[in-house]
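Notes follow the structure.
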Amino acid sequence: MRKQIVAGNWKMNNDLAQTETLITELKMQYSPQDAEIMIAPSFTNLWQSFNTLKDHAIEVIAQNMHFAESGAYTGEVSASMLKSIGIQTVILGHSERRAFFYETDELLAKKVNAALQNGLRIIFCFGEELKDRKSGNHESVVESQIKNALFHLEASAFENIVLAYEPVWAIGTGETASPEQAQDMHAFIRKTLANKYGKETSESISILYGGSVKPNNAKEIFGKPDVDGGLIGGASLNAEDFFAIVNAF
């Protein structure tokens, strides 16, 4: 059975004191869950967050990493650095990394390789922009992003990969793909995987939805058969809202 996952991407928010306060609030809201729960604080707060939650069911994950093991890459963080402080999962390919830092599918393929070689689990993000949706090219855009970055891998690699579909037009805009739109794309993604790796592999991969999930729409979105959880942005910065989304399962 596929894993249900709710991951909170805190992006460039919260200093150390705010991070500690939010983690305290999350621990107070927490109750035992079937779903995996993850939070991704900023790099400066990763160690403190991990140390605070190391004996807790909430997993602390990273928002990004570099493909190189070490070297003259000022400001970057490697997979082995993340591993050295206990981090086991990293988000790669987020739409903001693609848009603002010009990360390409080819670059992301190198990051994927580095993460897997270091034993990290990956939440791999992809999705179309509004112009692609309006022109009817949304499926071909998503298919190419998946194929270019991931289809060089063996099927066994997907044991350590979670996919996250992000309709870029629904991130931070207040717009949300309808539950039916989310399901249609998730089903297409699973079909794309099945065509390459077979149905058994495609049915084992968790696919998260990442587009303005809120407490008032999470239950309907998560109720769709090919939606296995969410990658949550703004709503993850409020403990009550975040757990209202988790509890939508």
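What follows is calculated from the coordinates using simple rules that are stated; it is not laboratory data. Quantities reported herein were computed from a predicted structural model and do not represent experimental measurements. Note that each Cβ is placed from the backbone with ideal geometry, even for glycine, and that neighbours are counted across all protein chains shown.
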Item to complete: May I ask you to verify whether R97 is more than 20 Å from T192 (Cα to Cα) and touching a strand residue (DSSP E or B) at 6+ places or on another chain (Cβ under 7 Å)?
Response: no
Practice prompt. Would you check which residues across segment 222-248 are within 17 Å of V168 (Cα to Cα) and either among the small types (G, A, S) or part of a helix (DSSP H, G or I) (or both) and list them?
Written response: G230, G233, G234, A235
Item to complete: Confirm whether K110 is closer than 27 Å to V142 by Cα, of a type in the set (D, E, K, R) and either outside any loop (DSSP other than H, G, I, E, B) or out of contact with any helix residue (DSSP H, G or I) (no Cβ under 7 Å at 6 or more places or on another chain) (or both).
Response: yes
Worksheet entry | segment 40-77, subset buried (at least 17 other Cβ atoms within 10 Å of the Cβ), of a type in the set (S, T, N, Q) and free of Cβ contacts under 8 Å to residues at least 40 places away in the same chain, residue nearest to A115 (Cα to Cα) | N64
Practice prompt. Please work out if I85 is within 24 Å of G229 (Cβ to Cβ), out of contact with any Lys or Arg (no Cβ under 8 Å at 6 or more places or on another chain) and not charged (D, E, K, R).
Written response: no
Worksheet, complete the sentence: Just one listed residue, out of D228, D184, is under 15 Å from Q4 (Cβ atoms) and acidic (D, E), and it is D228
Practice prompt. Please list, ordered by first then second residue, the pairs with beta carbon atoms under 7 Å, 6 or more apart or interchain, first in segment 105-133 and without any contact (Cβ under 8 Å) to a residue 12 or more places away in the chain, second not polar (S, T, N, Q).
Written response: D132/H138; D132/V141
Discussion item. Can you go through E25, E96 and tell me which one is more than 25 Å from T201 (Cβ to Cβ), surrounded by 19 or more Cβ atoms within 10 Å (Cβ to Cβ), touching a residue at least 24 places away in the same chain (Cβ under 8 Å) and charged (D, E, K, R)?
Written reply: E96
